[in-house]
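A.B. asks: Okay, here's the structure, questions in a sec.
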Amino acid sequence: MQPTPSPTRGAPRATVYQMAYFPPEQYEAAWAQGLLNATSHRDHGDYRRETEQTMQALAERSATSIRIVRMDVPDLLAYAQRTSKDPAQRRTRLAYTGWLHETGHTGYLWPPERNSPCWCGSGAKYKKCCGNPAFLAIEPPDPASLVLRIELDGVAPCVWRRVAMPSNTPLDMVHRMIQDAMGWYDEHMYAFETDEHTIIDPRSDSGEPHADGERLVSIATEAGATFTYVYDFGDEWTHTITVEEIRPGGPHNMFTILDGGGACPPEDTGGAARYQHLLGALADPSSPEHDDAVERLGEDFDPTRFLGATTGQG
C-alpha cells in the first residue's frame, strides 16, 4: 500500500490511497528476480486476499479514494536502474508506484461494481472473486517472524529489548507487545512514525491512519529497516526500532522477548532529559532534588536492571 505521505502527527489525512499490486504472472516474476522476501506470501491467493482485506479495512474507517496500481516487473527494474535504486527494497516499489501515478497511470478505482471484472485481473466478476465473502473468510497465514531491536532514545544506561513478532500483527497489538517488552503500563497514547507517514493510536481523532487498521509488515519489510514508536505525547518517549532479522513463520510463530538491558523509566517522569536529571539526583544524596528523585523513582531503583526474557502468544 502507498498512501499519500502524511509526515507529521496532526497533518491532514491523505486524499488518495494507492495500493501497489503484482498480478499473478508479475508476482512470480518478482519472486524469481528476488524482489520479495519472507514477509511476502508465497501463494498469490493469500497475497490478493490480504490486499482485499487491507482495502476493506481502509474503506471502513475512511471515505478516502482507493486505487489499485498494477506493477510490471520489467518496468519496475527499468525504473530502479534509471533512478539508481534497489528494486528489492519496499521504498523503491513505493517510489515506482508514485512515479506511475505522476505520469498518468492512475490505476483502477476500488471497489469495482459487484458484476464488474475484479480488480485483480482474473477476468471473473468481483462478487465471485476477491469480493466473495467465502474467499475473504480464510485468514492468510503469517509468513514471517520479525526480530526487532527496540531502543529507548536519549537515556543512559541504554534501555533496549530484542523481540520476535509475527509479521502480520496489527499495529495496535504491536503497541501492546512493545509495552510488555519495555515495561510501560499503557497509560498514554502512542504513534508509529516512518519516513512515509504516521500511524496513530485508534483513540486519536487526528485523522491519520489508525494502528488497528495497519499491520507490522506495512512498516517493517526488510532487514535493516527502522521506524519510530512514540509513547506518551506529553513526556514524548521515543523508541528507535530496527528490523534485525526476518525468520520463516512456522507453527510456533509468536511474540517472544529474546534479550534486553536496562530498566524502563517509571511513567510520568517527564521524558528522557528529566529522567536523566532524576537519575543524577538519585545517585547524589546531597542533591536538593534527591528526595524528589527517591519519590519518583524509588530509593532502590536500579537503571541497569532487566528482568529477563518472556514468551507470549502473538
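A.B. asks: Can you pull out the residues in segment 118-130 that are outside any helix (DSSP H, G or I), modelled with pLDDT of 95 or more and not hydrophobic (A, V, I, L, M, F, W, C)?
C.D. replies: Within segment 118-130, just 125 meets the criteria.
A.B. asks: Filter segment 1-52 for residues that are in contact with an Asp or Glu (Cβ under 7 Å, 6 or more places away or on another chain), modelled with pLDDT under 90 and in a helix (DSSP H, G or I) and give the result.
C.D. replies: none
A.B. asks: Just checking, how many residues over segment 225-267 are among the small types (Gly, Ala, Ser) and farther than 24 Å from residue 141 by Cα? Talk me through it step by step, then tell me what you get.
C.D. replies: From segment 225-267, those among the small types (Gly, Ala, Ser) are 225, 234, 249-250, 260-263; that's our starting set.
If we keep only those that are farther than 24 Å from residue 141 by Cα too, we end up with 234, 260-263.
Summing the residues that are among the small types (Gly, Ala, Ser) and farther than 24 Å from residue 141 by Cα in segment 225-267 gives 5.
A.B. asks: Any chance segment 53-68 includes a residue that's modelled with pLDDT of 90 or more and open to solvent by less than 30 Å² (accessible area, probe 1.4 Å)?
C.D. replies: For segment 53-68, residues modelled with pLDDT of 90 or more and open to solvent by less than 30 Å² (accessible area, probe 1.4 Å): present.
A.B. asks: Of (1) over 18 Å from residue 180 (Cα atoms); (2) open to solvent by 70 Å² or more (accessible area, probe 1.4 Å), residue 268 satisfies all except one. Which?
C.D. replies: (1)
A.B. asks: I would also like to ask the following. For residue 155, are the conditions met, namely being buried (at least 22 other Cβ atoms within 10 Å of the Cβ) and among the hydrophobic types (A, V, I, L, M, F, W, C)? Break it down stepwise before answering.
C.D. replies: On the way: buried (at least 22 other Cβ atoms within 10 Å of the Cβ): no; among the hydrophobic types (A, V, I, L, M, F, W, C): yes.
Criteria not met by residue 155.
A.B. asks: Okay, next question. Scan segment 243-262 and give yes if some residue there is among the charged types (D, E, K, R) and buried (at least 19 other Cβ atoms within 10 Å of the Cβ), otherwise no. It would help to see each step written out before you state the result.
C.D. replies: First, pick out the residues of segment 243-262 that are among the charged types (D, E, K, R): 244-245, 247, 259.
When the remaining residues are screened for being buried (at least 19 other Cβ atoms within 10 Å of the Cβ), the result is none.
No: segment 243-262 contains no residue that is among the charged types (D, E, K, R) and buried (at least 19 other Cβ atoms within 10 Å of the Cβ).
A.B. asks: When residues of segment 174-193 are filtered for being in contact with a helix residue (DSSP H, G or I) (Cβ under 9 Å, 6 or more places away or on another chain) and in contact (Cβ under 8 Å) with a residue 24 or more places away in the chain, how many remain? Give the steps one after another, and end with the answer.
C.D. replies: Within segment 174-193, the subset in contact with a helix residue (DSSP H, G or I) (Cβ under 9 Å, 6 or more places away or on another chain) is 174-175, 184-186, 190-192.
When the remaining residues are screened for being in contact (Cβ under 8 Å) with a residue 24 or more places away in the chain, the result is 174-175, 184-185, 190-192.
Of the residues in segment 174-193, 7 are in contact with a helix residue (DSSP H, G or I) (Cβ under 9 Å, 6 or more places away or on another chain) and in contact (Cβ under 8 Å) with a residue 24 or more places away in the chain.
A.B. asks: Provide a single number: the residues in segment 76-126 that are in contact with a Leu (Cβ under 6 Å, 6 or more places away or on another chain) and crowded, with 17+ Cβ neighbours inside 10 Å. If you could, list the steps in order and put the result at the bottom.
C.D. replies: Kept after step one, since they are in contact with a Leu (Cβ under 6 Å, 6 or more places away or on another chain), are these residues of segment 76-126: 87-88, 96.
Cutting the leftovers down to crowded, with 17+ Cβ neighbours inside 10 Å gives us 87, 96.
Adding up the residues that qualify gives 2.
A.B. asks: Could you tell me how many of the residues in segment 278-309 are among the aromatic types (Phe, Trp, Tyr) and touching a residue at least 40 places away in the same chain (Cβ under 8 Å)? Walk me through it before giving the result.
C.D. replies: Pass one, segment 278-309, residues among the aromatic types (Phe, Trp, Tyr): 301, 306.
This time we only want the ones that are touching a residue at least 40 places away in the same chain (Cβ under 8 Å), so: 306.
Qualifying residue count for the region: 1.
The values are calculated or read from the model by the stated rules, or taken from the named source; none is laboratory data. Owing to the predicted nature of the structure, the values given are computational and were not obtained by experimental measurement. With ideal geometry, Cβ positions are generated from the backbone for all residues, glycine too; neighbour counts draw on all protein chains shown. In case anyone asks, the SASA skips ligands and DNA or RNA and just uses the protein heavy atoms, side chains included. Shrake-Rupley method; radii C 1.70, N 1.55, O 1.52, S 1.80 Å.
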